[in-house]
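Heads up, the thing below is written out as structure tokens.
No value in this document is a laboratory result; all are computed from the given coordinates. Bear in mind the structure is a predicted one, so any value in this text is a computation, not a measurement. A quick note on method: Cβ atoms are made from the backbone with ideal geometry, for glycine too, and the neighbour counts reach across all protein chains shown.
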Amino acid sequence: MFSSFFSASAPVDPHAPNFHSVNANVPDSDLCGPLEANDLEWTCAGGFATETQTFYAIAEDGRTIMFQAIHSSVGLWYPTIQLNCKVYDSKTGERTWKSVNAANFVTPPPGLDKRSSKSDQFSITYRINPGSEYPESYLLSANVGQDLQVSLEVSRPASAPGWKIGKGEKGGFSYFGPDLEKPEGYVWHKFWPHLKYEGHIIVNGKAQAFSGAGMFVHAIQGMRPNLVASAWNFHHFQSPEHNGVSAIMMEFTTCDTHGKQGAGSGPVKVNVGSVVIGQKLVTVTAETTWPGEERESTVISKTVHLNRILDPETGYKKPSQVSAEWSGPSVLSDAPGTVAAKIGMDVGDIENPRGLMDLVDILAEIPYVLKAAVSYVAGTKPYMYQWINPAKLHITGPDAIAEGLSNGVEVNGQLYTESTFISLIPGAD
């Protein structure tokens, strides 16, 4: 689907657009693309691709779980499979983090389709129950040592369907390179925005029941990670109020190598998100910010880092506060209008962090084959900050969605945030 990273043909016009955003040519009214069955199948792409299935959950007591399976291929090398699993208790600060190479990975496992996978260390089993309140689910199971075992059922409400930006087989894709028919690379995302998590975990030999809400994303980076983006942001808000509210957002910033006028015309910010109220998907948002251009769309999908401070440990300017904003047309036919939401969170400074779960040195955690491909690139030293804090989501929208929504409601919940810095952008402060 993309040209080999060992060789790439130069564009005829060096000033031709060499980045094509996921929401390009997608009307605001059609941003919410329905997922097809094969949208969630493992592709196990060759060449250079990193494919992930990532499940995030937040319990009402503030515990969080991240469960991530990674399929990595680099050129002609044999793919590497990795499982990352993190459990964090925001009340005690206890963090259990395991990252292991998985053996004997297969998809599909016998009797299942490629939405499922299995290895010696974990299994992800897709199940379907048409016509029920929860028509789709995954069973997650992992044994990554005596100090961490996971067994969870992850169920999607019928009223909160999965989505991608745009419809059809090319929905959910941003493409790199001047030729859309033969792109140099791509980024691909499909989401389940609001899920019920039930099950148990075993941490340091102690069994714990786990019940909460969360989301799921299936993603692929079809190019070397350091060429795809200079930074990523991710927000995941969950609340039990109003019968279940969630707001999710994913944003990546391209390197300056990709933009509307070829190399040097970036960086470009691509942001997608959604809001769920009462377990109903109510809006899907997407916004692309091109350097030097004013926005034309009425849809808002953005995140901002405020009061940034240089962190001597990483060399990047980390935020002291983060904010996120969504605004888009309702996707509910019986509740037309605009749904808007805003949230902010104080994450503290270097000496006094607030809700800092982890600061991840990504090169120390990613599979060896990926490390070999990116660790020697000048200016590339990726770090990820992870925070979780209580937060308030301010929402407005049609009263047909929720009583009093037109006057605005304030929803109390937990906001999980990741800010990932991969490389310094030339000219950026």
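Okay, here's what the table says:
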{"read-out": "Modelled FRET efficiency - R0 35 Å, residue 358 with residue 294, Cβ distances, 0.05 increments", "value": "0.40"}
{"read-out": "Nonlocal amide H pairs with residue 317, under 5 Å, H built at 1.01 Å", "value": "311"}
{"read-out": "Cα-based equivalent ellipsoid, the chain: semi-axes from gyration tensor eigenvalues, Å", "value": "29, 27, 23"}
{"read-out": "Under Karplus coefficients 6.51, -1.76 and 1.60, residue-wise ³J(HN,Hα) of segment 229-242 in Hz, glycine/proline x", "value": "8, 9, 7, 9, 9, 9, 10, 9, 10, 9, 8, x, 5, 6"}
{"read-out": "Cα-Cα over 27 Å, subset of 206/381; 182/317; 91/392; 196/318; 170/260", "value": "206/381; 182/317; 196/318"}
{"read-out": "Calculated from backbone phi, Karplus (6.51, -1.76, 1.60) coupling profile of segment 208-221 in Hz, x at Gly/Pro", "value": "9, 6, 9, 9, x, 10, x, 8, 8, 9, 10, 9, 9, 10"}
{"read-out": "Spin-label proximity, residue 151 to segment 159-201 - amide N less than 13 Å from point 7 Å beyond Cα toward beta carbon", "value": "199-201"}
{"read-out": "Pairwise centroid distance, computed over Cα atoms, of segment 149-209 with segment 23-58, Å", "value": "7 Å"}
{"read-out": "Fewest-first ranking of 403, 351, using other Cβ atoms within 10 Å as the exposure measure", "value": "351, 403"}
{"read-out": "Net lengthening on full extension, residue 167/residue 92 (0.36 nm per residue, minus Cα-Cα)", "value": "22.6 nm"}
{"read-out": "Segment residue 198-residue 44, extension gain: residue separation times 0.36 nm, minus the distance between their alpha carbons", "value": "52.6 nm"}
{"read-out": "Total formal charge among the other residues, if their Cβ is under 14 angstrom from that of residue 157, Lys/Arg +1 and Asp/Glu -1", "value": "-1"}
{"read-out": "Nitroxide proxy distance, nm - points 7 Å out along Cα→Cβ at residue 54 and residue 261", "value": "3.3 nm"}
